[in-house]
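Reading through the structure tokens given below for one structure.
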Amino acid sequence: MSDIREVTGTAFVVAEFRARENEEPHPLYVDPIVCIFLDARTRAAAEAIRADFPAGENMPRLRTRYFDDRLGERIAQGGRQVVILGAGLDTRGVRKRAPGVAYFEIDDAGTLDLKKTRYAANRIDAQVTFIPGDYVASGVIPLLEANGFDTGLPSFFIWEGNTMYLTRPDVMKVLGDLKENLRSFAISFDYMDEAVVEMTTGEVGATGFVERFAAMGAPWTFGFDDLPALAGEAGLAIADATNVGKLHRFYWPA
């Protein structure tokens, strides 16, 4: 395993946060796979990030359940292909396997090689098409088409924990490419408000959380406040929009 630094290293931190939901008496989800990627080093890295802002680990847990729910809906509606952009240590290709549904994961070669190695060592048949590459530089569609993706089939994209590391042009390029090339698709993604990225919220804990990601070589570079404007610019319709506070009240009403 390489050093737990930079954007690829954040995958281990997020996986640690996600894994902690397994310990809850009534978990939002169960992820029996994620533990194969974790060890003492990943736990230490996660503890350093959460430090004096324990609430920071709730966001990945809430969004995991949110995206799981959206994924279930899309598959029930006839989705045939699922693409995980910047997949990191996402385990949905195993956890959410469904008859007739193909999974594709795009990320850097090192991360995907580690996943394949850990899956093999634990005798897990992932049945996922792993695609090494930079989806911004190379383009999402060319990477997918070179690996058996059918642009004519209903598809669902999960873009989790990515947008904050990109730029607005990068984000618009991804959305525009999907809009231009796919017959039927939906995409779910998370994003940060500008004030969070710029560390001007006035909330000391939140600012410290962002600073710790920057300190490990993974600074957040893009946030926005006007989702309708962004969707309109991309020529897309908003099917659903929420925030962490609303998810907290919905999934954890007590």
Segment 184-218 - residue that is without any contact (Cβ under 8 Å) to a residue 24 or more places away in the chain and part of a loop (DSSP other than H, G, I, E, B) and, of those, surrounded by the fewest Cβ atoms within 10 Å (Cβ to Cβ): 202
For segment 80-103, pairs from a residue that is at pLDDT 95 or above to a residue that is polar (S, T, N, Q) and not in a loop (DSSP other than H, G, I, E, B), with Cβ under 6 Å and 6 or more apart or across chains, are 81/155; 102/81
Residue 80 is checked against (1) closer than 25 Å to residue 243 by Cβ; (2) open to solvent by 50 Å² or more (accessible area, probe 1.4 Å) and fails just one. What number does that condition carry? (1)
Within segment 221-246, the residues that are part of a helix (DSSP H, G or I) and open to solvent by 40 Å² or more (accessible area, probe 1.4 Å) are 228, 229, 232, 233, 244, 246
Filtered residue count, segment 123-156, keeping only those that are within 14 Å of residue 179 (Cα to Cα) and either among the aromatic types (Phe, Trp, Tyr) or modelled with pLDDT under 95 (or both): 1
Any residue at all in segment 87-105 that is touching a Phe, Trp or Tyr at 6+ places or on another chain (Cβ under 6 Å) and surrounded by fewer than 22 Cβ atoms within 10 Å (Cβ to Cβ)? no
When you look at residue 222, is it among the aromatic types (Phe, Trp, Tyr) and under 27 Å from residue 50 (Cβ atoms), yes or no? yes
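The values are calculated or read from the model by the stated rules, or taken from the named source; none is laboratory data. Worth saying up front: this structure is predicted, and the values here are computed from it rather than measured. When we count neighbours, we look across all protein chains shown, and the Cβ atoms used for this are built from the backbone with ideal geometry, even at glycine. Just the protein is used for accessible areas: all its heavy atoms, side chains included, with ligands, DNA and RNA removed. Shrake-Rupley method; radii C 1.70, N 1.55, O 1.52, S 1.80 Å.
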